[in-house]
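Okay, so here's the structure we're looking at.
No value in this document is a laboratory result; all are computed from the given coordinates. Computed from a prediction, not measured in an experiment: that's the story for all the values here. FYI the Cβ positions are ideal-geometry reconstructions off the backbone, even for glycines, and counts take in every protein chain you see.
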Amino acid sequence: MSDSLDQIFIRAKQWLLSWLSNAPDWLIQIASSLINIAALLGVFLTLFALISVLERKILGRMQNRYGPNRVGPFGLFQPVADGIKMLIKEDIVPARADKVVHFLAPILIAATAILALGIIPYGRNMTPFAIDGGILFFFAVGSTTELAVFMAGWGSNNKFSMLGAMRAIAQMISYELPLIITTFPVVMVVGALSPDAIVAAQNGYSFGVVPHWFVTTPWGAAAFILFFVSGLVESNRTPFDVPEGESEIVAGHMTEYSGFKYATFFMAEYIGMFAISGLAVTLFLGGWHAPIHGLEFIPSYVWFFGKLSILLFIYIWVRGTLPRTRIDQIMNFAWKFMLPMAFTCIIAAAVWHYAGRGVAGWLWSLAVLTLVYVILSILLDTRKKFATRTYRFAE
Amino acid sequence: MNSAAFVVIAILTLAAALAAASLPKLIHAALNFAVAFIGVAAFFFLLGAEFVGLVQVFVYVGAVAVLIVFTILLTRRDVQDTGKLSWGGAIIAIAVFGGLLWAIRKTPALSIAAPQIEALTVKRIGGVLMTDYVWPLQCVGLLLTAALIGALILVMEDREEG
Amino acid sequence: MTPTLQLFLVVSATLFSIGLLAALSRRHAIFILIGIELMLAAANLNFIAFWRFGPQPQPPTGVMIAIFSIAIAAAEAVVGLAMVIAVYRHYRTTNVDQFDQLKG
């Protein structure tokens, strides 16, 4: 019973493909890919619409007010209203802008964001495109985003856009290194770049209640935190949204875009968020595995999307809590703290593996991580030492 | 191997490369350069070397193309080339192309179809890198470090000299 | 027409000559670098094509050479672009015809 509920989407797809059973081979392949793509787009565009209203409601509740609650029950039809507004807005293109580059930039950003979603395993046997080097594909596509951001900034022929694009690219390149290096411990321990293999290596439970997810190991927890923070920066979310902060640089590289193109940028940012959260769930949180052995009857995709929702809630929570950081603070943090800690995670993972993967390994890798963390904290101490206060009174 | 895919990728790559070589505006040439490299990566996928294709996209489009556009921005006095095609260069290029084509035609052993091949997994590449090719790997690591330090030194502003 | 090895080699020869055209007939330093990178990509395509169409089973030598070539090409592009920036600071132009003095 639980197995059929788990595989219900796979069965539906096979039933759809059985209508084409007497077609040539390449047609069946194309139809299979199209069904995968349609399902992916359907699920994630709906999730995008839902998150765009839920984020505002959650932010509102954190700021002691209601979010949007006029359109539909509890305001849940707000995305429809937003969509209609974006579609009927006038599309303004600056007169001296580079028309081709200006037009292609939002398309390219959205395309690379959606491409990155294709290799994540959403459930048992439910990876849309299972490539052997899946993680490398994700990062290759993510690094193409920078070029598209530059196209947006340059194509607008606007100094604010150009400055915003340069800042965004500098931020994204700096944090791409910790993002990628924190995935190395996981790849090293599993021995494969394929997300399916990584999820399969996280099955099993100790004592029936502690799952073998990588986040339960010290290097995995540290790598997960670093990966999550790098993901926050890569998707230009507060507290790292200097490239699009309204009080600083108008809207950065998105300044000269109006209407539907702006909505495309917005959508690309959220889908980038989904992709990075999905990858974090796959790499560290066990993918579609259940946390306790007894709960395995719940379908695998429910667990995946549940974990994804928790990570998205943390994204929104951080946005509502922390103020924006300065660009030089962001860069310092990346190069002076996150990069050494990321390298330490690799060493800690190796120590965990070679000290046997039991309690001894856990304690040794925890010791390595704590040592490096303490050393870095002492070296990077930037608290100003204040002189003793002197009082001067008016005579 | 799919011949329709081959034709499409070939047209895309060669058109983008031609655009990168001949467009007057530098930014357009740089962006077409990125498209040409995506086309070459697609060729690598077609030939069954997926890892190299992904590395190609990652390194060239994600890093080298971004570097080129940054440099274009930083050296912005003349973003247009004069646009006059120098005939000497064109003649040499056509002569080289003719020579290569003649060499390819003359070798009959080259008109073979693709044999069946076992898929080249990342695991195998990793294994080979760590056993047979470990010395080149270390040398490339040293080379990249030297290039990084060298580039930094080249562009660092001299603070001592006025 | 199923793609034979000859066809792949013709495509890579075309890419090489287009790169050569860009490197020889342009006066902007960055265009010349673009041409050089295109030529390197054509050579990589040759390596992979020969590896694929070669006698089976064979070790992944062609693939390894291509991987190292990509890494080295990236390093060379970095240093080349750093030089372009450094020379621009001095000469205020990127037209290679103007770089005609050995005195710094």
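Binning the alpha carbon pair distances of the range A:279-384 at 5 angstrom intervals from zero yields the distribution 2, 10, 12, 13, 16, 19, 16, 8, 4, 1, 0, 0, expressed in whole percent.
Close lysine pairs were tallied over chain A: pairs 8 or more places apart or on different chains with Cα atoms under 29 Å apart number 16.
Would you mind classifying the range B:1-78 by shape? Square roots of the alpha carbon gyration tensor eigenvalues, ordered a ≥ b ≥ c; an a/c under 1.5 is rounded, otherwise it is prolate if a/b is larger than b/c and oblate if not.
Oblate shape, in that a/c is at least 1.5 and b/c is the bigger or equal ratio.
Toward the positive end of the charge dipole of the protein assembly as shown, with +1 on the Cβ of Lys and Arg and -1 on the Cβ of Asp and Glu, the farthest Cα among A:51, A:356, B:92 is that of A:51. Structural size metrics of the protein assembly as shown, computed from C-alpha coordinates, are Rg and Dmax of 26.7, 104 Å.
Farthest towards the positive end of the charge dipole of the protein assembly as shown, among the residues B:24, B:52, A:30, is the Cα of B:24, using unit charges on the Cβ of Lys, Arg, Asp and Glu. Positive-end ranking of B:121, B:154, B:142 along the dipole of the range B:121-162, with charges on Cβ about the Cα centre, is headed by B:121. Overall size of chain A from C-alpha positions, given as principal axis extents largest first: 98, 64, 40 Å.
Helices in the protein assembly as shown, meaning DSSP H runs of at least 4 residues, each add -39500 (n - 2.57). Divided by all residues, the mean residue ellipticity at 222 nm is -22000 deg cm²/dmol. Placing +1 on the Cβ of every Lys and Arg and -1 on the Cβ of every Asp and Glu, with nothing else charged, gives the range B:121-162 a dipole about its Cα centre of roughly 520 debye. As a ratio to 2.2 N^0.38 Å, the alpha-carbon radius of gyration for the range A:1-100 is 1.66.
May I ask you to derive the FRET efficiency for residue C:92 and residue A:260 from their Cβ-Cβ distance with R0 = 41 Å, giving the value to the nearest 0.05?
For R0 = 41 Å, the calculated efficiency reads 0.45.
Binning the alpha carbon pair distances of the range B:121-162 at 10 angstrom intervals from zero yields the distribution 25, 29, 22, 15, 8, 2, expressed in whole percent. For the protein assembly as shown, the dipole from Cβ point charges (+1 on Lys and Arg, -1 on Asp and Glu) about the Cα centre works out to 920 debye, to the nearest 20. Distance from the Cα centroid of the range A:153-221 to that of the range A:1-65 is 24 Å (rounded to whole angstrom). Listed by chain and number, the aspartates and glutamates placed with their C-alpha closer than 13 angstrom to that of residue B:25 are A:98, B:78, B:81; residues fewer than eight positions away on the same chain are left out. Mean partner shielding of peptide B:5-15, defined as the number of other chain Cβ atoms within 10 Å of each residue Cβ, is 3. The long axis of helix C:29-53 is offset from the longest Cα principal axis of chain C by roughly 10 degrees. Measuring nothing but alpha carbons in chain B and taking Rh as the Kirkwood radius, the Rg to Rh ratio lands at 1.04.
By the count of other C-beta atoms within 10 Å, a proxy for reagent exposure, B:86, C:12 are ordered fewest to most as B:86, C:12.
With the alpha-carbon atoms of the range C:1-86 aligned to their principal axes, the span from lowest to highest coordinate is 49, 27, 13 Å, starting with the largest.
Once each part is reduced to its C-alpha centroid, what is the distance from the range A:127-143 to the range B:38-64 in angstrom? If we compute the Cα centre of each part, the gap is 12 Å.
List B:76, C:27 from most exposed to least, where exposure is judged by having the fewest other Cβ atoms within 10 Å.
Exposure proxy ranking, most exposed first: B:76, C:27.
Neighbour counts of C-beta atoms inside 10 Å place A:388, A:344 in the sequence A:388, A:344, starting with the fewest. Which net charge results when you count Lys and Arg as +1 and Asp and Glu as -1 among the other residues whose beta-carbon is under 15 Å from that of residue A:86? Summing Lys/Arg as +1 and Asp/Glu as -1 gives -1. Only the Cβ atoms of Lys and Arg (+1) and of Asp and Glu (-1) were treated as charged; on that basis the dipole of chain A about its Cα centre amounts to roughly 1100 debye.
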